[in-house]
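Read the structure below first, then the notes.
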Amino acid sequence: MTTPRTRIRGQRSPLASAALHATLIVASVIAVFPVLWVLLTSIKPAKHAISTDFVKEPTLENYRYLVESTSFFTWFGNSVLVAGITTVLGVFIAATTGYAVSRFKFPGMKPLMWTLLITQMFPMAILIVPLYNLMGDLGLLNQPLGLIITYLTIAVPFCAWMMKGFFDNIPVEIDESGRVDGLNPFGTFWRLILPLAKPGLAVTGFYSFITAWGEVAYASAFMVGDEHLTLAGGLQTFVTQYTSNWGAMSAASVLIAIPAAIFFLFAQRHLVAGMTAGATKG
């Protein structure tokens with residue numbers, strides 16, 4: 001008589017394992033399908049742009065039109081400028097703010113943190129009009145600086161809170177060892193703490209970059225004219241009240257996604273936990 005096989009505790013049954021794998025496969029298909037469909041639409045001719053055929057008469061005409069007949073490279077350059085400066089300033093401001101509230105006690109610290117938190121509760125849409133009026137009064141409409149300041153107001157509060165959490169997990173003994181070695185507070189922050197906070201800096205940089213790279217509402221409201229538009233505003237020129245150039249929009253979407261994917265792959269390498277191990281002096 002065969003003895004029933006005992007399953008080890010925590011081990012999944014074949015049925016549960018099959019169900020899990022099936023769920024993961026379905027979720028992967030749902031996640032990948034929109035991206036694949038945009039890619040396929042970008043290589044379809046205009047007459048088949050909205051057809052349900054996966055590939056029919058593939059062509060690179062949409063990409064040629066995008067490069068030769070639009071201001072795509074101007075939009076791309078404007079987006080790189082805005083997103084690049086927003087990322088650099090966002091990381092620096094969020095890191096210094098997070099370090100200050102993590103390590104120092106000063107008057108107004110709690111109100112400052114509450115202010116940063118409360119700003120995250122307002123939907124972006126309701127801030128467009130007051131920010132538009134403010135940028136208009138400052139003469140920053142249709143200027144990259146106006147968009148950069150706007151995106152910093154979105155990215156910095158969240159990133160400062162996140163960086164505070166990273167700095168809280170770095171032993172205070174590292175700061176003390178820096179002071180013993182004669183470093184001032186900024187020198188300790190720059191030379192000892194920041195290298196240990198690379199995971200937080202990577203996430204902060206990625207969030208700041210994506211905030212500026214893919215944002216549509218402010219870019220469309222604050223910038224007009226082909227020479228000033230970013231990619232988000234430029235894409236809207238392909239869809240008007242009467243016509244829709246889905247092929248060109250899909251091609252532009254594919255090209256826009258490439259820098260974001262590269263930035264993510266670069267940041268992903270630095271998302272490593274436990275970088276403070278062994279950093280404290282003995």
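Couple of notes before you dig in:
- For the stretch 123-134, the count of residues that are loosely packed, with under 12 Cβ neighbours inside 10 Å, under 19 Å from the mean Cα position of the chain (by Cα), assigned to a loop (DSSP other than H, G, I, E, B) and at pLDDT below 90 is at least one.
- Hits in the stretch 11-70 (condition: of a type in the set (Asp, Glu) and modelled with pLDDT of 85 or more): 61, 68
- Filtering the stretch 62-79 to residues that are in a helix (DSSP H, G or I) and surrounded by 15 or more Cβ atoms within 10 Å (Cβ to Cβ) leaves 62, 63, 65, 66, 72, 74, 75, 76, 78, 79.
- Within the stretch 225-243, the set of residues being at pLDDT 80 or above and either farther than 17 Å from residue 81 by Cβ or not assigned by TED's automatic domain parsing to the domain that holds residue 140 (or both) comprises 235, 236, 237, 238.
- Which listed residue, of 106, 76, 92, is farther than 25 Å from residue 266 by Cα and of a type in the set (Phe, Trp, Tyr): 106
- For the stretch 233-262, the set of residues classified as over 25 Å from residue 51 (Cα atoms) and either buried (at least 16 other Cβ atoms within 10 Å of the Cβ) or in contact (Cβ under 8 Å) with a residue 12 or more places away in the chain (or both) consists of 233, 259, 260, listed by residue number.
The values are calculated or read from the model by the stated rules, or taken from the named source; none is laboratory data. The model shown is predicted, which means the values in this text are computed figures rather than measured ones. Quick reminder, even Gly has a Cβ in these numbers, built from the backbone with ideal geometry, and neighbours come from all protein chains shown.
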